[in-house]
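Note sheet for the following structure.
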Amino acid sequence: MTELAISGTGVFTPAQTITNDELVASFNEYVRRFNDAHAKAIAAGSMTPLLESSSDFIVKASGIKRRYVLDRQGILDPDIMCPRIPERPDDQISVMAEIAVAAARGALRDADRKPADIGGVIVSCANLQRAYPAVAIEVQDALGIEGFGFDMNVGCSSATYALQVACGMIERNHLSSILICNPEILTAHVNFRDRDSHFIFGDAASAFIVERASTVRSRNCWEVVSTSLKSKFSNNIRNNFGFLNRTAPEGIGNRDKLFVQQGRKVFREVVPLVSDFIHEHLEGNGLTPQSLKRMWLHQANLSMNQLIAHRVLGRDATATEAPITLDEYANTSSAGAMIAFNRHSADLNPGDYGLLCTFGAGYSAGSVILRKMAS
Ligand code: COA
């Protein structure tokens, strides 16, 4: 088998942020206005008043303290509660391709590669801006990459699934390298009027380069020792938005056309699924959890990551063993684990093992065992 490596990563972080307090103030103003407008029905008992949100709850339940966003004004305006991202003419780069390209440029720099060195582009993320043309082909064009591009979507696990696809393509199609981008504009799929989920997501993009281990030339390269994928159908995280919506106009605008989840059930079911999956993957490769120096886990919920890490290691993980970026970025879906990897992998030593693990809607999970290469 050809040895393959992640040879560079990049992250695009939007310039604007929203703290929990800002988000909660906007949500609570919406609640106040709603309850005032329906005061009579609420007093008559024919309508239930909306409940306020709280920053303390958000930090305690999720670990999220703030998030980066493309447009804070629209989100925080109680009359809008949605980012405003103007449509662009077709002869301008689309916003999703633009943030993917920004992350990709970072990954190319990190890998010491030029677009001419790249054999193809995969854009893999939870929410694609349009049906076609593929965003990946637009990214390919913007960067001047020959070869091919295509999009894929496996919810929050999109990055590791794309990595597995890229590894197979490099091996079998004799490609030099593949650029994978994970652009996520998740604030556009959040129902900011929903108390249970208005705080969960942020916007960001990650990108990384997969190439033959024999050709890498940057300092922070990681051999892909093994990849493993697992999925199990669940409706507990779902979004019914899609091109068929217009064929059933009665459903347009309903809650299910944005992100909906049964958070508690997801927590209960995904923690054992992922920790068992990681155990099996390590065992299958003759490794013990103790051989891992670091786990870059999907960044959705702090307690969830702590519990998964505990179940894998048989003890609490330290902050360096399972680094957290969700406090700053919130859940950025497919970009989350790669942001953690980008921020927290350069300090490890050649020969050290790390594990990248994504999980989310589907359910889907992807595990990648990595070993740091000598620079
Ligand atoms: N502010 C204040 N209170 C809130 C609130 C808010 N924004 N949202 C919910 N609450 C209340 C609920 O009404 C409930 O009150 P009750 O006990 O009086 O009924 C209480 O807080 C607990 O609600 P619950 O929804 O059970 O919270 P939780 O502890 O499960 O945390 C999540 C919610 C979403 C943070 C958590 O379940 C989670 O992150 N799960 C994993 C989800 C995940 O990883 N998804 C992957 C997405 S890709």
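Read the figures in this text as sums done on the coordinates, not as results from a lab. Here the structure is a predicted model, which means the values were calculated and not measured. Every residue, glycine among them, receives a Cβ derived from its backbone with ideal geometry; neighbour counts consider all protein chains shown.
General observations
- Cα gyration tensor shape for the stretch 163-316, rounded if a/c is under 1.5, else prolate or oblate: oblate
- Charge dipole (Cα centre; +1 on Lys/Arg Cβ, -1 on Asp/Glu Cβ; no other charges) of the chain amounts to roughly 580 debye.
- Within the stretch 222-372: Cβ-based charge dipole about Cα centre, in debye rounded to nearest 20 (Lys, Arg +1; Asp, Glu -1): 360
- Spatial separation of Cα centroids for the stretch 324-358 and the stretch 76-127, in angstrom: 20
- Computed from phi, the 3J(HN,Hα) profile of the stretch 119-131 under the Karplus parametrisation 6.51, -1.76, 1.60 (θ = phi - 60°) reads x, x, 10, 10, 9, 10, 7, 7, 9, 9, 5, 8, 6 Hz, with x in place of Gly and Pro.
- Peptides 52-63, 249-260, ordered by how many other C-beta atoms sit within 10 Å of their residues on average, highest first, read 52-63, 249-260.
- With Cα atoms, 0 to 90° folded angle of helix 302-313 axis to the chain main axis: 40
- From its DSSP helices (H runs of at least four residues, each -39,500 (n - 2.57)), the chain gives a residue-normalised ellipticity at 222 nm of -10000 deg cm²/dmol.
- Considering only Gly351, Gly149, Ile99, and ranking their Cα positions along the charge dipole of the chain that arises from unit charges at the beta-carbon of Lys, Arg, Asp and Glu, the one farthest toward the positive end is Gly351.
- Cα-based shape type of the stretch 51-207, given that a ≥ b ≥ c are square roots of the gyration tensor eigenvalues and the cut on a/c is 1.5: prolate
- Charge context of Ala126, other residues only, Cβ under 14 angstrom, K/R +1, D/E -1: -2
- Viscosity 0.692 mPa s, 37 °C: Kirkwood-radius Stokes-Einstein D of the stretch 299-350 over Cα pairs, µm²/s: 284
- Degrees, to the nearest 10: 95-111 long Cα axis against longest axis of the chain: 30
- Neighbour net charge for Asp347 - beta-carbon separation under 13 angstrom, K R +1, D E -1: +3
- Computed log₁₀ I(q)/I(0) - Debye formula, equal Cα scatterers, no solvent, the chain, q 0.07, 0.10, 0.13 Å⁻¹: -0.31, -0.62, -1.03
- Cα-based shape type of the stretch 36-101, given that a ≥ b ≥ c are square roots of the gyration tensor eigenvalues and the cut on a/c is 1.5: oblate
- Relative packing of 75-86, 286-297, 4-15, which averages over residues the other C-beta atoms within 10 Å, highest first: 4-15, 286-297, 75-86
- In sequence order, calculated HN-Hα J values of the stretch 270-282 (Karplus, 6.51, -1.76, 1.60; Hz; x Gly/Pro): 7, 4, x, 4, 6, 5, 5, 4, 5, 4, 4, 5, 5
- When the alpha carbon gyration tensor of the stretch 228-368 is reduced to an equivalent ellipsoid, the three semi-axes, largest first, read 32, 16, 13 Å.
- What the Cα atoms of the stretch 122-227 give is an Rg and a Dmax of 15.7, 51 Å.
- Net charge over other residues, Cβ less than 10 angstrom from the Cβ of Ala205 (K, R count +1; D, E count -1): -3
- Using C-alpha pairs under 8 Å with a sequence gap of at least 6, the mean separation divided by the residue count of the chain gives a relative contact order of 23 percent.
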